Amino acid sequence: MNKYTHSVLITHRNRHQQLRLCIWSLVEAAKASGHWNWELVIVDNGSDYGLKQLAWMPQRMRVIEDLRPMPIFNKPALWNVAIEAARGEVLTFLDADAILGPRFLEGAELLRDPDLVRLCYRVMYLEQDWLERLGPERGRLELVRDLFARYYSGDFRRAYEAYGGHNNNEWAAGGAVWGNSQFSITRENLRDCRPDERFAGRGFEDLDFLRQIERSWGDRYRGRLVEDADRNMFHLEHERTADWHQPELVARNLQLYREG
């Protein structure tokens, strides 16, 4: 039996404020649900200051500092470090700007279903000013609870959510559930699928990873999307930085994806 049955994986560079909120929401979810059989593995590359200088860290948090030169942030390379370092049998892939619902950790229990290959999460976007609004710890919990109570109010923009195939962004269109890049999967079901490190910078790295899973499982693939707001998440919108998003990077990654 693994020491931790659930490993939450995050890649990171210079999104310290967002990451603090993400960690806070994960711990609050653990408090609310009583689920403590998890670890948080963060792989950081090139941040202006180390994550070990964060003012607050949960006991279950592990920080891996990847020291490879990486002028362009290579998310797949850091995912692969996180996958190898994780000690859990369930792997959850998260972005650093996620704010998790109070029952988020309950979702992974659904993977006990032997027919379920992958658990997908719905994502709604919060505008950038919410980063400042959620900064003060006092009153934060009440604000977040209110946000999740309004999850389906129509006030928030939905993120990519695929059905029928990994690249079919159609909300509830029917067919196999593929969702997006925020998902949980057992290490056994992940098989030998790994993020392709040729996809440096923003664009199509997540779709390629999903495509690998689609090809690996074929008609045997079964996905499920979490419907309950409290078991899903928000993402904080942010400005795109030059070390991640450039038109030429997107174009190059699109070509790689098409060739795949």
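The values are calculated or read from the model by the stated rules, or taken from the named source; none is laboratory data. Remember, predicted model here, so these are calculated numbers, not experimental data. Cβ atoms come from the backbone with ideal geometry, glycine included; neighbour counts cover every protein chain shown.
Side notes on the structure shown:
- Just one of the listed residues (Val90, Val41) is within 26 Å of Glu132 (Cα to Cα) and either surrounded by 18 or more Cβ atoms within 10 Å (Cβ to Cβ) or in contact with a Gly (Cβ under 8 Å, 6 or more places away or on another chain) (or both), namely Val41.
- Counting only residues that are of a type in the set (Val, Ile, Thr) and either touching an Asp or Glu at 6+ places or on another chain (Cβ under 7 Å) or not in a loop (DSSP other than H, G, I, E, B) (or both), segment 114-132 holds 1 of them.
- Residue list for segment 133-172, filter: closer than 28 Å to Gly203 by Cβ and not in a loop (DSSP other than H, G, I, E, B): Arg157, Arg158, Ala162, Tyr163, Asn169
- Across segment 212-246, the qualifying residues are those that are under 17 Å from the mean Cα position of the chain (by Cα) and more than 26 Å from Val144 (Cβ to Cβ), and the one among them that is surrounded by the most Cβ atoms within 10 Å (Cβ to Cβ) is Gly223.
- Condition met for Ala200 (farther than 15 Å from Arg118 by Cα, small (Gly, Ala, Ser), free of Cβ contacts under 8 Å to residues at least 24 places away in the same chain and in a loop (DSSP other than H, G, I, E, B)): no
- Of residues in segment 201-260 being more than 21 Å from Asp97 (Cα to Cα) and small (Gly, Ala, Ser), the one modelled with the lowest pLDDT: Gly260
- Of all residues assigned to segment 173-189, none qualifies as being among the hydrophobic types (A, V, I, L, M, F, W, C), touching a residue at least 12 places away in the same chain (Cβ under 8 Å), surrounded by fewer than 13 Cβ atoms within 10 Å (Cβ to Cβ) and assigned to a loop (DSSP other than H, G, I, E, B).
- Flag for Glu106 being surrounded by fewer than 21 Cβ atoms within 10 Å (Cβ to Cβ), without any contact (Cβ under 8 Å) to a residue 12 or more places away in the chain and either at negative phi or among the small types (Gly, Ala, Ser) (or both): no
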